[in-house]
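Written below as structure tokens is the structure these notes are about.
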Amino acid sequence: IYTLSLHDALPIYELRAGSYETAHGTFQTPLFMPVGTHATVKGITADELHELKSQVVLANTYHLYMRPGVDIIEEAGGVQKFMNYDGPMLTDSGGFQLFSLDHMMKVDPDGVSFQARDYDGSRHRWTPETNMDIQQRIGADICMQLDQCVGYPAKKEDVRASTQLSWEWARRCCDAHTRPDQALFAIVQGSS
């Protein structure tokens, strides 16, 4: 059995499809994004992320919102300073986490009401606008629109309705996103 150490990092692709500049550095695609759900990549330090040539770290809006909370991250100077990582970061919208709450979540055309059963059981309401406010305050270089996820497998009409709602929410996210040093990307979950 061969084990991979930090010093045996996989080679970086020689052929790149694109390059994207952010306030915290430039990254090239395609790339692998280590997941730092709670603004930490488990078992890896910020220095080791650089050693591994990590280009972007992905953090989760839902989990950061719940703990430690947006106020604490904002007071620290944003998610990079909070986790002591100076490279580009992306926050996903938290949409998948909301929809994984299943019966503790209710979606309507305006947004999502949910109970955070995986934390303290508190009740919350997110709209595309509040989701953009949260992600802008967290301060990652790239944020993702709030989208609706459907289960798998799903009926064709449910996927169509979810895609339409996500499209409408994308427009609202665009209108609510005002931070010029942060990119907003769209997302479509899909199903079959």
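Given the criteria free of Cβ contacts under 8 Å to residues at least 24 places away in the same chain and surrounded by fewer than 20 Cβ atoms within 10 Å (Cβ to Cβ), does R123 qualify? In short, yes. Could you list, in sequence order, all residues of the stretch 136-176 that are closer than 24 Å to H24 by Cβ and open to solvent by 30 Å² or more (accessible area, probe 1.4 Å)? Correct list: R137, C174.
Within the stretch 100-120, if we keep just the residues that are closer than 18 Å to W169 by Cβ and acidic (D, E), the residue that is most open to solvent (accessible area, probe 1.4 Å) turns out to be D110. When the residues of the stretch 162-186 are filtered to those that are part of a helix (DSSP H, G or I) and not hydrophobic (A, V, I, L, M, F, W, C), the one that is nearest to the chain's Cα centre (by Cα) is S166. For the condition closer than 29 Å to S113 by Cα, surrounded by fewer than 19 Cβ atoms within 10 Å (Cβ to Cβ) and at pLDDT below 95, T37 qualifies.
Yes/no matrix, rows are residues, columns are (1) part of a strand (DSSP E or B); (2) within 12 Å of the chain's Cα centre (by Cα):
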{"position": "G87", "(1), (2)": "no, no"}
{"position": "L90", "(1), (2)": "yes, yes"}
{"position": "Q97", "(1), (2)": "no, yes"}
{"position": "K106", "(1), (2)": "yes, no"}
{"position": "V112", "(1), (2)": "yes, no"}
{"position": "Y119", "(1), (2)": "no, no"}
{"position": "T130", "(1), (2)": "no, no"}
{"position": "Q135", "(1), (2)": "no, yes"}
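Is it the case that D71 is more than 19 Å from A183 (Cα to Cα), open to solvent by 60 Å² or more (accessible area, probe 1.4 Å) and either in contact with a strand residue (DSSP E or B) (Cβ under 6 Å, 6 or more places away or on another chain) or at pLDDT below 95 (or both)? Taking the combined requirement at face value, the residue does not satisfy it.
Residue-level check: of (1) touching a helix residue (DSSP H, G or I) at 6+ places or on another chain (Cβ under 6 Å); (2) more than 16 Å from N131 (Cα to Cα); (3) open to solvent by less than 50 Å² (accessible area, probe 1.4 Å); (4) touching a residue at least 40 places away in the same chain (Cβ under 8 Å), F82 misses just (3).
The values are calculated or read from the model by the stated rules, or taken from the named source; none is laboratory data. Since we're looking at a predicted model, the values are computed, not measured. Cβ atoms come from the backbone with ideal geometry, glycine included; neighbour counts cover every protein chain shown. Keep in mind that these areas ignore ligands, DNA and RNA; they rest on the heavy atoms of the full protein, side chains included. Shrake-Rupley method; radii C 1.70, N 1.55, O 1.52, S 1.80 Å.
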